[in-house]
Structures are given as C-alpha cells and as structure tokens.
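Chemist: One structure, pasted below without further comment.
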Amino acid sequence: MTPRLNNLADLMHWREAPTLEDGLADRLRLELADAMAEADWFTVGVMAPSDSVALETLRRLETHQGWEPMQVVQTTDEVGPVFLKANQTSGSIRIRIEHGLAQGILISGHRHQTADDQAGMVTTWGPLPLDFF
C-alpha cells in the first residue's frame, strides 16, 4: 500500500522520494519554505545514483535557497550510488558510496543556541525527489 501524501509530514512515511504531480510539488515547496523559515541553518542529505547527480541536486537546492555554494571536502573515486552530506555551518560536502539507499533529498533544519533557548534540530523534511528544486 502506498502511503498518502498531502503535506511534508506525510513524507516521513516514505522510504524513497515519490514522484510528485506539479500541483502537489508546488504546494510542498511553499510549505517547505515556511517550515525552513523556522531554522537558522541546515544539513542536507542526498541519496543519488551517482556523485554527479547528488552534487547537481545540491547545487539546485543552494541556488533555489540563495545559499552560498558549499565545498566538497571528501568524495569518492568509486562509481555507484552515493550519500552526500552537506553542512551549512562548516560549508562542507562529503560524498561516499552507499549501497542499499533509496533516492531522495533530506533537509534538516537547525537552530543556533541562544540565552533563552537550546540549540537543536527543528526537524527533517523528506525524502524529496531529486528534481524537486
């Protein structure tokens, strides 16, 4: 049975990013923009069939969000499915071969610690399709 998909929260029940109709994708982009406004910085995970697809996916996200491009500090020479992990605070991207993962984008929002609040993760959104941005 396919899980229902009406909003971002429904994605947590999906192992792999679903194919989205244009109307739903547009609604999810608006919902994601509102949700991301609650966070100060982000980490991104991209599960993709290759390092080039993963990096292209991240670059589209960076452009869409108006972020400064992060720098690849670790990658692989192997060919195969990868997991890309990007961290906005360090500006770093690490890519490794990872078999057995589904494809998609995971975005985690984080907050900086303040005197009144503890630092922490806001939430994780996804998996979003690789062509979401």
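The values are calculated or read from the model by the stated rules, or taken from the named source; none is laboratory data. What you see is a predicted model, and the numbers here were worked out from it, not measured in a lab. We place every Cβ from the backbone using ideal geometry, glycine too, and count neighbours over all the protein chains shown. Please note that ligands, DNA and RNA were not included when accessible areas were found on the heavy atoms of the full protein model with its side chains. Shrake-Rupley method; radii C 1.70, N 1.55, O 1.52, S 1.80 Å.
Chemist: Enumerate by residue number the trypsin sites (Lys or Arg not before Pro) in segment 1-74 meeting two conditions: DSSP loop (anything except H, G, I, E, B), and at most 12 other Cβ atoms within 10 Å of the site's Cβ. It would help to have the intermediate numbers written out before the result.
Modeler: Numbers: sites: Arg4, Arg15, Arg27, Arg29, Arg59, Arg60; in loops: Arg4, Arg15.
In loop regions of segment 1-74 (DSSP not H, G, I, E or B), the sparsely surrounded trypsin sites (Lys or Arg not before Pro) are Arg4, Arg15.
Chemist: Per 0.36 nm of contour for each residue apart, how much would the distance between Glu21 and Arg96 grow if the chain were fully extended, relative to their Cα-Cα spacing?
Modeler: 23.9 nm
Chemist: Would you mind calculating the gained length between Met36 and Thr123 on full extension (0.36 nm times residue separation, minus the Cα-Cα distance), in nm to one decimal?
Modeler: Values: separation 87, 0.36 × 87 = 31.32 nm, distance 0.92 nm.
Answer, rounded to one decimal: 30.4 nm.
Chemist: While we're looking at this one, here's another question. Return the percentage of antiparallel bridges among DSSP beta bridges fully within the chain, rounded to the nearest 5 %.
Modeler: Working: 25 of 28 bridges.
Antiparallel: roughly 90 percent of the beta bridges in the chain.
Chemist: Which value, in Å to one decimal place, does the Kirkwood hydrodynamic radius take for the chain when every pair of different Cα atoms is included?
Modeler: Details: mean 1/r = 0.0650 Å⁻¹.
Result for the chain, one decimal place: 15.4 Å.
Chemist: Name the residues whose placed amide hydrogens come within less than 5 Å of the amide hydrogen of Ser92, ignoring near sequence neighbours (fewer than 5 apart) on the same chain.
Modeler: Under 5 Å from the amide H of Ser92 lie the amide H atoms of Gln71, Asn87, each far enough along the sequence or on another chain.
Chemist: Quick check on the chain: helices-only [θ] at 222 nm, where DSSP H runs of length 4 and up contribute -39,500 (n - 2.57) each and the sum goes over total residues. Nearest 500, please.
Modeler: Mean residue ellipticity, 222 nm, calculated: -7500 deg cm²/dmol.
Chemist: May I ask you to give the percent of accessible area on the chain that is carbon plus sulfur, with a probe radius of 1.4 Å? Could you put the intermediate results ahead of the total?
Modeler: Numbers: 3740 of 7790 Å².
Ligands and nucleic acids excluded, carbon and sulfur reach 48 percent.
Chemist: Sorting Val53, Val73 by accessible area (1.4 Å probe), largest first, what list results?
Modeler: Output order, biggest surface exposure first: Val73, Val53.
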